[in-house]
Amino acid sequence: MKKIKIINSFKLQNKFDLIFFAAGYASPMKFTQESEETILTHSIGLVNSSKQLKKNGTLIYLSSSEIYNGEKNHFSEHYSGNINYDNARAPYINGKKFGETYCKILNGKGFNVKILRISLTYGPGAKTQDTRVINELIMKAIKYKKINLIDNGSDKRKYLYINDCMEIMLKITKKSKFTTYNITGNSKTSILNLAQKISKKMKVKYTIPKEEKRLKDAPKIVNIDNSRVKNEFKKNKYYSMSYGLNTTISWYKTLL
């Protein structure tokens with residue numbers, strides 16, 4: 001069994017005006033397997049990194065839409081979900097919740113901290129080891145010339161293209177009114193519909209299994225509200241999913 005070395009002293013020679021804390025795994029397959037590393041990254045890792053901030057410095061903490069796991073209706077920044085410790089995704093979710101809580105403490109100490117609850121960003125740049133849904137469906141289509149779903153694809157998701165994500169992040173970093181922001185797009189779809197779109201673009205068949213093998217404790221709905229970003233930054237135009245899928249497919253074709 002792999003041993004984890006916990007480093008309690010993380011020091012650099014310089015302190016910084018701005019730190020983006022984006023450490024950790026984003027793929028459910030990865031963060032459920034590497035559970036200890038996951039929760040320690042968002043606790044010890046965040047605490048150590050924040051010590052490198054200058055007085056009154058800015059920390060941008062990349063949280064996740066997984067914060068809402070357990071919720072059915074309330075997907076605005078005023079809420080968060082509720083899961084038990086034995087949930088397969090608990091190390092990731094509770095790690096993010098620790099991170100958000102610690103950010104609130106840092107705000108109270110005079111630091112400028114922004115919490116970005118990012119929902120399912122996709123696009124060119126992802127690795128072949130990244131098995132999040134869009135990436136995995138595209139890789140299956142390239143490798144096997146068909147897409148085999150692991151369940152009926154009824155789960156609903158809201159996706160955000162990488163260019164839109166970066167634009168919103170930079171605007172929040174430059175000047176913003178609130179501490180916490182949902183960062184998501186308008187491309188709401190089911191996994192089945194997503195598979196259908198990709199199969200059509202790549203001219204391959206898709207199949208729905210008779211027996212489901214869905215990831216344990218995956219949320220049925222990820223539909224976070226993006227009205228705060230829309231209202232504050234007048235962000236109304238987003239890259240279409242058709243465009244985003246085209247560029248992501250092209251990206252993976254260069255890798256596989």
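The values are calculated or read from the model by the stated rules, or taken from the named source; none is laboratory data. Remember, it's a predicted structure, so these values are computed and weren't measured experimentally. Because the Cβ atoms are built from the backbone with ideal geometry, glycine has one as well, and the counts that use them run over all protein chains shown.
Observations on the structure shown:
- Only a single criterion out of (1) closer than 30 Å to LYS175 by Cα; (2) of a type in the set (Val, Ile, Thr); (3) not in a loop (DSSP other than H, G, I, E, B) is not satisfied by ILE198, namely (1).
- Listed conditions (1) under 14 Å from THR180 (Cα atoms); (2) free of Cβ contacts under 8 Å to residues at least 24 places away in the same chain are all met by TYR61, apart from (2).
- Residues of segment 244-256 satisfying the condition of being surrounded by 13 or more Cβ atoms within 10 Å (Cβ to Cβ) and either over 17 Å from the mean Cα position of the chain (by Cα) or not in a helix (DSSP H, G or I) (or both): LEU245, THR247, ILE249, TRP251, TYR252
- Looking across segment 139-191 at every residue that is of a type in the set (Phe, Trp, Tyr) and not in a helix (DSSP H, G or I), the one that is surrounded by the fewest Cβ atoms within 10 Å (Cβ to Cβ) is identified as PHE178.
- Any chance HIS42 is surrounded by fewer than 18 Cβ atoms within 10 Å (Cβ to Cβ), within 22 Å of THR180 (Cβ to Cβ) and not polar (S, T, N, Q): no
- Some residue of segment 203-210 being farther than 20 Å from GLY81 by Cβ, of a type in the set (S, T, N, Q) and surrounded by 15 or more Cβ atoms within 10 Å (Cβ to Cβ): no
- Looking at segment 1-96, the helices (runs of 4 or more DSSP H) lying wholly inside it that each contain 2 or more residues that are more than 15 Å from the chain's Cα centre (by Cα) and either modelled with pLDDT of 95 or more or farther than 18 Å from LEU116 by Cβ (or both) sit at 35-40, 46-50.
- When each of THR32, THR38 is tested for being of a type in the set (S, T, N, Q), over 23 Å from ILE168 (Cβ atoms) and in contact with a Leu (Cβ under 8 Å, 6 or more places away or on another chain), the lone residue that passes is THR32.
- Of the residues screened, LEU106 is one that is assigned to a helix (DSSP H, G or I), out of contact with any Pro (no Cβ under 7 Å at 6 or more places or on another chain) and either over 20 Å from ALA26 (Cβ atoms) or among the small types (Gly, Ala, Ser) (or both).
- Qualifying residue in segment 128-138 (condition: closer than 30 Å to ILE249 by Cβ, surrounded by fewer than 20 Cβ atoms within 10 Å (Cβ to Cβ), in contact with a Leu (Cβ under 7 Å, 6 or more places away or on another chain) and not small (Gly, Ala, Ser)): yes
- Test: residue in segment 187-195 that is of a type in the set (S, T, N, Q), at negative phi, free of Cβ contacts under 8 Å to residues at least 40 places away in the same chain and out of contact with any Cys (no Cβ under 9 Å at 6 or more places or on another chain): yes
- Looking only at residues in segment 64-118 that are free of Cβ contacts under 8 Å to residues at least 12 places away in the same chain and within 19 Å of LYS156 (Cα to Cα), the one that is surrounded by the fewest Cβ atoms within 10 Å (Cβ to Cβ) is ASN73.
- Search result, residues across segment 45-63 that are under 25 Å from LEU120 (Cα atoms), buried (at least 18 other Cβ atoms within 10 Å of the Cβ) and not small (Gly, Ala, Ser): LEU46, LEU59, ILE60, TYR61, LEU62
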